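Visitor: Below is a structure I'd like to ask you about.
The values are calculated or read from the model by the stated rules, or taken from the named source; none is laboratory data. These numbers come from a predicted model, not from an experiment. As a convention, Cβ positions derive from the backbone with ideal geometry for all residues, glycine included, and neighbour counts pool all protein chains shown.
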Amino acid sequence: QAPMLHPMELLPLSGALSMGAIALAAAGAAAGVAPQAPSAPAATPSDLGATALSTTGWIGVYYAFLFLQSYTANRAWLAAARESKRKGERPKPLSAFKYGSAGGEAQLAADRTVGNMLEQGLPFLSALWAHACLLDARRAATLGWVYVATRVLYPAVFNPRRLNIFLSTLPGYGVICALLL
């Protein structure tokens with residue numbers, strides 16, 4: 001008999017799916033009905049609508065990563081608790097999975113995904129909005145979506161024993177540099 005999902009497994013997963021849906025909706029809006037930004041510095045608040053949409057996409061991906069991080073820890077903890085119960089042992093606390101290394105490589109990947117998103121968030125968002133306001137609002141919005149796409153790759157390519165991570169990080173760094181030029 002397959003084990004039932006524990007509610008702690010469902011909550012973060014539903015959050016990740018919700019935030020993913022928000023990011024997809026924002027991407028769809030940007031592709032189809034987004035306000036047209038001028039190929040010049042934004043002169044009015046409405047000129048910043050497309051940049052605001054790419055920022056919304058970034059926020060949606062950020063929250064999806066937070067929920068993924070929580071889901072990964074909860075899932076590993078519940079699996080370990082079930083195994084401990086089966087063996088008649090005392091289970092490790094949830095904190096060993098959320099804040100320690102008990103979650104293994106999957107938790108490391110989730111933690112680094114969130115960490116990298118935060119580490120690069122301030123430079124990206126600052127450069128994005130400065131570019132939109134001072135240089136070219138349309139280019140800022142386009143580069144914003146390219147950057148969001150590079151972030152989505154991060155958890156899929158993370159591997160501590162390989163350099164796959166550069167498939168996500170190097171294009172992201174390139175976008176930040178392009179926004180600063």
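Visitor: State whether one or more residues within region 138-154 are of a type in the set (A, V, I, L, M, F, W, C), closer than 16 Å to SER39 by Cα and over 19 Å from the mean Cα position of the chain (by Cα).
Guide: yes
Visitor: Now, a different point. Answer yes or no: is there a residue in region 88-108 that is under 17 Å from the mean Cα position of the chain (by Cα), crowded, with 20+ Cβ neighbours inside 10 Å and in contact (Cβ under 8 Å) with a residue 24 or more places away in the chain.
Guide: Applying the first criterion (under 17 Å from the mean Cα position of the chain (by Cα)) to region 88-108 yields 106-108.
This time we only want the ones that are crowded, with 20+ Cβ neighbours inside 10 Å, so: 107.
From what is left, the residues that are in contact (Cβ under 8 Å) with a residue 24 or more places away in the chain are 107.
Looking through region 88-108, at least one residue is under 17 Å from the mean Cα position of the chain (by Cα), crowded, with 20+ Cβ neighbours inside 10 Å and in contact (Cβ under 8 Å) with a residue 24 or more places away in the chain.
Visitor: Answer with yes or no whether THR51 is β-branched (Val, Ile, Thr) and either closer than 27 Å to TRP129 by Cα or not in a helix (DSSP H, G or I) (or both). Spell out how you get there, then give the answer.
Guide: On the way: β-branched (Val, Ile, Thr): yes; either closer than 27 Å to TRP129 by Cα or not in a helix (DSSP H, G or I) (or both): yes.
In short, yes.
Visitor: May I pose another question? Answer yes if at least one residue in region 95-104 is part of a helix (DSSP H, G or I) and at pLDDT 90 or above, and no otherwise.
Guide: First, pick out the residues of region 95-104 that are part of a helix (DSSP H, G or I): 95-98, 104.
Pick out the ones that are also at pLDDT 90 or above and you get none.
Checked against the condition, which is being part of a helix (DSSP H, G or I) and at pLDDT 90 or above, region 95-104 yields no hits at all.
Visitor: Applying the selection to region 143-168, what residues are surrounded by fewer than 17 Cβ atoms within 10 Å (Cβ to Cβ) and of a type in the set (S, T, N, Q)?
Guide: ASN159, ASN164
Visitor: If you don't mind, another one. Return yes when GLU89 is acidic (Asp, Glu) and not in a helix (DSSP H, G or I) and no when it is not.
Guide: Numbers: acidic (Asp, Glu): yes; not in a helix (DSSP H, G or I): yes.
Here the answer is yes, as GLU89 does meet what is asked.
Visitor: Related question: May I ask you to say which residue of THR72, THR55, THR44 is surrounded by fewer than 19 Cβ atoms within 10 Å (Cβ to Cβ), at pLDDT 70 or above, among the β-branched types (Val, Ile, Thr) and on the phi < 0 side of the Ramachandran plot?
Guide: Checking each option against the conditions leaves just THR44.
Visitor: Does PRO123 fit the bill of being modelled with pLDDT of 95 or more and not hydrophobic (A, V, I, L, M, F, W, C)? Give the derivation first.
Guide: On the way: modelled with pLDDT of 95 or more: yes; not hydrophobic (A, V, I, L, M, F, W, C): yes.
Taking the combined requirement at face value, the residue satisfies it.
Visitor: With respect to LEU180, is the statement that it is in contact (Cβ under 8 Å) with a residue 12 or more places away in the chain, closer than 30 Å to SER46 by Cβ and exposed (fewer than 15 other Cβ atoms within 10 Å of the Cβ) true?
Guide: yes
Visitor: Six or more apart or on different chains, Cβ atoms under 8 Å: show the pairs whose first residue is in region 121-150 and charged (D, E, K, R) and whose second is crowded, with 21+ Cβ neighbours inside 10 Å.
Guide: ARG138/ALA37; ARG138/ALA50; ARG139/HIS131
Visitor: Hey, does region 127-135 have a residue that's of a type outside the set (D, E, K, R), part of a loop (DSSP other than H, G, I, E, B) and surrounded by fewer than 19 Cβ atoms within 10 Å (Cβ to Cβ)?
Guide: In the first step, residues of region 127-135 are kept if they are of a type outside the set (D, E, K, R); the result is 127-135.
Next, from what is left, pick out any that are part of a loop (DSSP other than H, G, I, E, B): 135.
Among the residues that remain, those that are also surrounded by fewer than 19 Cβ atoms within 10 Å (Cβ to Cβ) are: 135.
Yes, region 127-135 contains a residue that is of a type outside the set (D, E, K, R), part of a loop (DSSP other than H, G, I, E, B) and surrounded by fewer than 19 Cβ atoms within 10 Å (Cβ to Cβ).
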